[in-house]
Amino acid sequence: MKPAPFTYHRPLNIDEAARILADVAEHDGRIIAGGQSLAPMMAFRVARPQHLVDIDEIVALDVLCIEDATLRIGARVRHSRFVPGAIAGPTGEIFAKVMPNIANYSVRSRGTFCGSLAHADPASEWCALATLLDAEIIARSVRGERRIPVSAYFDGAMSTTLAPDEIIIEARIPVLREETRTGFYEFSRRKGDFAIAMAIVAFGVENGRITSPRVSVGGAEAYPRRIREAERALDGAAPGADAFAAAAEAAAAAVDPMEDAVTDAAYRRDIVRAATRRALEQAMQ
Amino acid sequence: MNAKPKGVIGQSVQRIEDRPLIIGKGMFAGDISFAHQLHMRIVRSSSAHGVIKRIDTQAARALPGVHAVWTAADIPEMGPIDFREGKIEKLEPYRQPVLAIDRVRYVGEPVAAIFASDAYTAEDAADLVEVEIEDLPVIMDARAATGEFAPGLSSEAAVITQGFGDTASVFATAHAVVEIDVTVGRHSGVPLETRGAIGRYDAARDVLELHGAAKVPHKNKETLARLFGRPAAALHLFETHVGGGFGVRGEIYPEDILVLAAALRFGGAVKWIEDRREHLMAANQSREQHHKTRAAVDEKGTLLAIENEFWHDQGAYPRTHAMRVAETTCGILPGPYRVGAYKALGHYRLTNKTPAATYRAPGRYETNFVRERLLDAIAAKLNISRVDVRKQNLIRSDEMPYARPLCVLEDDVSYDSGDYAGLLDKSLKAIRWDELQSELAERRKRGELVGVGLATFVEKSGLGPTDGAHVCVDTTGAIEVITGGASVGQGFETVMAQVCAEALGVDYRNIRVVHGRTDRIDFGIGAHASRATVMTANAVHAAALIVREKALSFAAELLQSEAATLDIIDGRVIRRGESEGPSITLGEIANHLRPAAKLRRGREPGLSADGWFDTDHQVYPYGNQIAVVSIDRETGAVNVEQYVIAYDIGRAINPVLVRGQILGGFAQGLGGALYEEFLYDERGEPLSVTFADYLMPTANEVPKVDVIISEDAPSPRNPLGIKGAGESGIAAVGAAIASAVDDALGSPGAITRLPITPQRLKRILNRLASA
Ligand SMILES: Cc1cc2nc3c(=O)[nH]c(=O)nc-3n(C[C@H](O)[C@H](O)[C@H](O)COP(=O)(O)OP(=O)(O)OC[C@H]3O[C@@H](n4cnc5c(N)ncnc54)[C@H](O)[C@@H]3O)c2cc1C
């Protein structure tokens, strides 16, 4: 469990980081942020980057604020920053609901939001939330800056359209309308484990009818995705057991669940159903 | 409860061993280092079964900082690893070599060893070793057709039988026959501290040392001295602080032999610290058994006979325990119940998994699950309550001692004392069994899946035959107790100090307890199978009483009183009842007993003594556990809402420590019941080699437990009445939770396999829903 040898870089600003990464990317040079996914993989020697570019010294990446109705999350922002009240409104609420479900205290105080997006674990809560909220990923390299909509970002389990020389410097998220309701539910064997499946929802209620429903399911497939079938089942319906059951059923039917040695597709589908309904119920509380 | 003599025995006094642990000055294996030590890294098989075609170590040897690379060919003199209790003819050819010879039989089997200047270089070098293996077919299920361990050697290494009475005729005529087919999953003790071993050859004294020993240093010393051909005085083992034992730590593994062989050959120190991934594929695993069990009963549910055939999944090799777990399984399965006739037939099968051995409550966690499943099945079949079926079969206190023609650890089973039904009543009362039934019924009506389950069990502890201890008072009055015991964190020092303090009449905090050092005492039983307090404490007690006699007889002369009129209070000999009268301290007496002291006058020098405790039989504590659970219908998750553990320990030296043992054991039992499992794919690749896959319950998952410690049945087999405490908390958790989950499902017998994972339970729920 000792990592293979590597060279360590600690740039002081984004440009320098981009330059170093451009040089080392082809030797599997990588960004290290919180190290909470990368370091374990290196300890197992599953990852053997020859160079590590640590972005922890770059103060400019600390940004966490709402500007022009957009939430900006810099690449140095840790999971633990998203405590209740840190961000205003329903956007802040859903971040705070989700955050305690990620890992444990020590991981949360090191791991970063953008690192989770870069790592793209199928069961990453932040990836599911970014999907729900139509996040935009801001990628920088010596070639310039690119804005990747989340819908064009993931392309497989732990795989994204980010180029090896690109750094995520920030995620930008349009904030939810003030009266939006949000809900989250995930199921894992133990508290803090990666979830077997999860659902995050957001919707408004006007005149007793659901408006602008969003349902994001994570953990079930290679990467999280909005489940339009479930959203359609909700749109215009009266919030309550019937609509929620229909949406849950639609979500369960829509996913094509991953299988592994202990969890078959049928079970994951059952969890998607339960998680979707429970997230919707939570949103009404 | 019998009247307790007042004194420090029976008091929940603070532990004396905690200070270094609390201030971060503990000395674990990883903390031990010697100048110029080499670091060892093991190259392990990545194939579950195959023929070694080629091992190329050239690139590894060429790496700067690498001192040597060994394969089996480099250590021809290091024979396979012996069994702890000596030669077992039948199993000899199955013993594990130190490094694989010709064949590998599990993923993780040591194939080569790197010795390098630091742990990083050693791991880099290990990556450079090329091992070419031609795969052979694997056996991944102990029930599957047997294969060959080696040409001419069946993978069924042994068949074990025990029993009494004519079961066949009982079954032929019984009112009813109840049959179950159940499986206990593969899991094991997973201490926070992984294994570690530091071998050191001290050329100046010609002594070979092993640091990082645990559990059974003296036994291991015997085995290692034989293997290395060294006299007893030329090889010593040293225990460190131990971050959890649980059965897996402290056995002799290939790595222990390698660090010693290398220390000897290179003439220095060699350090090996296991990493977690290695631990989860190389340290002893445990538990996996499949049982087909049937009972013959009369119309009231009286157990007339039990037949049990089981398949014990030993993994790739027998380890130091040989067949102990399988044998214990045969001997202890009937547990606390009377049974007219009994037949056990165990298939001791080798498979291509990590080898197995003991884990806390070996053979009992398994059989408690099997037997209590059987009792529940009888209750269901005859439509009687699960409490009644147990009560009428429990051995009564007027039947004690209760011998049965079975054998556990080469010891004839004879339960020494107990009121099994009385203790069950205490638990039923604690959980409010009757009210609980209606509360649960009410909740079920509202659609909840809730249930209660129970299990009763008898433990075994205090295996003899003997242990000794040395107690010595120095001239300042400080006391040293030298034992051959071991501490795996259970509070050993405190308990020994309490027993010594009470016998001698001193403050327990003024006592130092030595353990785990073969250079201080020649004999010792270590700490395993809940025996330290029974055996070692009774030996300490005996030694302390002799020292007391010596002190009193000397003081009698000095104080011109009859020894019988004297007492020792706080280390001072006084006339009984006269705390202000003439007195002499133990330190002063020790001073007068110095070899050159004038007043000694022919007495044996020193205020010290050896004490021994011998016993013919083990002692049998007993208990029961009750679980209340609810099931999440949609996810299959089990939530343990309430839990009661009642345990009769005979006499608790330190109740808080007993409680700690029970609670810690419970957490592990919960792991085996709901979370922990070593899984393998069909090719023998282990799937549970990180803590993300091998799920130990954490503080979030472990519920509050009500512990009832009772002292109704002190053991008649030792002067202090002690029975062991180490394994009761874990012993019946799988059994009780399975019973409760069945109840919650409203489907007796639904649970046939541990652990009850949400995935498996959801499958059962879906099946029941569609039925
Ligand atoms: C015990 C444990 C439990 C966990 N449980 C959960 C859980 O329940 N849910 C969950 O979501 N996560 C979980 N994690 C993972 C954790 O959340 C990680 O922190 C997160 O996945 C990655 O963030 P990081 O900052 O640590 O990234 P790092 O580990 O530093 O990097 C991860 C990967 O992303 C790349 N990367 C990081 N930052 C950037 C960037 N700015 N630009 C480009 N590439 C970048 C790295 O090169 C690397 O490939 C767990 C981790 C542990 C150790």
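Quick notes on this structure:
- B:A527 being open to solvent by less than 50 Å² (accessible area, probe 1.4 Å), among the small types (G, A, S) and over 12 Å from B:A469 (Cα atoms): yes
- Candidates A:A279, A:A283, A:A274, A:A202, filtered to the one that is under 23 Å from A:I102 (Cα atoms), away from the ligand (no atom under 16 Å from the Cβ) and touching a Phe, Trp or Tyr at 6+ places or on another chain (Cβ under 6 Å): A:A279
- If you go through region B:584-613 and pick out every residue that is in a helix (DSSP H, G or I) and among the basic types (K, R), you end up with 2.
- Selection within region B:680-690 - within 11 Å of chain A (Cβ to nearest Cβ) and in contact (Cβ under 8 Å) with a residue 60 or more places away in the chain: B:Y680, B:E682, B:E685, B:P686, B:S688, B:V689, B:T690
- Yes/no for B:R659 being outside any loop (DSSP other than H, G, I, E, B) and either more than 19 Å from B:R287 (Cα to Cα) or outside the structural domain of B:R371 (by TED's automatic domain parsing) (or both): yes
The rows are residues; the columns are (1) assigned to a loop (DSSP other than H, G, I, E, B); (2) over 22 Å from the mean Cα position of the chain (by Cα); (3) in contact (Cβ under 8 Å) with a residue 24 or more places away in the chain; (4) closer than 25 Å to B:L280 by Cα.
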residue	(1), (2), (3), (4)
B:A145	yes, yes, no, no
B:F149	no, yes, yes, yes
B:A168	no, yes, no, no
B:V178	no, yes, yes, no
B:P191	yes, no, yes, yes
B:G199	no, yes, yes, yes
B:H211	no, no, yes, yes
B:K215	yes, no, yes, yes
B:A225	no, yes, no, no
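- Any hit, region B:744-754, residues being closer than 30 Å to B:A430 by Cβ, out of contact with any helix residue (DSSP H, G or I) (no Cβ under 7 Å at 6 or more places or on another chain) and without any contact (Cβ under 8 Å) to a residue 24 or more places away in the chain: no
- Test for B:G26: is it in contact (Cβ under 8 Å) with a residue 40 or more places away in the chain, in contact with a Lys or Arg (Cβ under 6 Å, 6 or more places away or on another chain), over 24 Å from B:F228 (Cα atoms) and in a loop (DSSP other than H, G, I, E, B): no
- Scope region B:125-178; condition open to solvent by 50 Å² or more (accessible area, probe 1.4 Å) and either in contact with an Asp or Glu (Cβ under 6 Å, 6 or more places away or on another chain) or polar (S, T, N, Q) (or both); matching residues: B:E130, B:T146, B:T161, B:S169, B:T173, B:H175
- Checking B:A233, B:A213, B:A225, B:A197 one by one, the residue that is open to solvent by 50 Å² or more (accessible area, probe 1.4 Å) and within 22 Å of B:D522 (Cα to Cα) is B:A233 and no other.
- Flag if B:D616 is among the charged types (D, E, K, R) and part of a strand (DSSP E or B): no
- Listed by first and then second residue, the pairs with beta-carbon distance under 7 Å, at least 6 apart or on different chains, first residue in region B:601-617 and closer than 17 Å to B:F523 by Cα, second part of a loop (DSSP other than H, G, I, E, B) and open to solvent by 20 Å² or more (accessible area, probe 1.4 Å), are B:D614/B:P465; B:T615/B:P465; B:T615/B:R717.
- Residue satisfying condition, being open to solvent by less than 20 Å² (accessible area, probe 1.4 Å), in the same structural domain as B:L128 (by TED's automatic domain parsing), of a type in the set (A, V, I, L, M, F, W, C) and more than 30 Å from B:I160 (Cα to Cα), within set B:A100, B:A72, B:A60: B:A60
- Within region B:189-207, being among the aromatic types (F, W, Y) and farther than 16 Å from B:L237 by Cα holds for no residue.
- Here A:S116 meets the list (1) within 10 Å of the ligand (Cβ to nearest atom); (2) within 14 Å of chain B (Cβ to nearest Cβ); (3) open to solvent by 10 Å² or more (accessible area, probe 1.4 Å) almost entirely, failing just condition (2).
- Counting only helices (runs of 4 or more DSSP H) that sit completely within region A:218-285, those holding 1 or more residues that are among the small types (G, A, S) and within 14 Å of another protein chain (Cβ to nearest Cβ) correspond to A:241-254, A:265-284.
- Of the residues making up region A:25-49, those that are open to solvent by 50 Å² or more (accessible area, probe 1.4 Å), within 13 Å of the ligand (Cβ to nearest atom) and touching a strand residue (DSSP E or B) at 6+ places or on another chain (Cβ under 9 Å) are A:D28, A:R30, A:Q36.
- Qualifying residues in region A:4-24 (those that are in contact with an Asp or Glu (Cβ under 9 Å, 6 or more places away or on another chain) and part of a strand (DSSP E or B)) - the one farthest from the other protein chains (Cβ to nearest Cβ): A:H9
- Within region A:104-113, the residues that satisfy the criterion of being within 14 Å of chain B (Cβ to nearest Cβ) and either more than 6 Å from the ligand (Cβ to nearest atom) or open to solvent by less than 30 Å² (accessible area, probe 1.4 Å) (or both) are A:N104, A:Y105, A:S106.
- Criterion violated by B:Y508 - all others in (1) open to solvent by 10 Å² or more (accessible area, probe 1.4 Å); (2) within 20 Å of B:P719 (Cβ to Cβ); (3) in contact with a strand residue (DSSP E or B) (Cβ under 8 Å, 6 or more places away or on another chain) satisfied: (3)
- Taking the criterion of being within 11 Å of chain A (Cβ to nearest Cβ) and open to solvent by less than 20 Å² (accessible area, probe 1.4 Å), the only residue of region B:695-711 that qualifies is B:L695.
- Selection count, region B:587-618, where residues are touching a Pro at 6+ places or on another chain (Cβ under 9 Å) and crowded, with 19+ Cβ neighbours inside 10 Å: 4
The values are calculated or read from the model by the stated rules, or taken from the named source; none is laboratory data. All figures in this text were calculated on a predicted structure; none of them were measured in a lab. Here the Cβ is made from the backbone with ideal geometry for all residues, glycine too, and neighbour counts use every protein chain on show. Just so you know, the surface numbers come from the protein's heavy atoms only, side chains and all, with ligands and any DNA or RNA stripped out. Shrake-Rupley method; radii C 1.70, N 1.55, O 1.52, S 1.80 Å.
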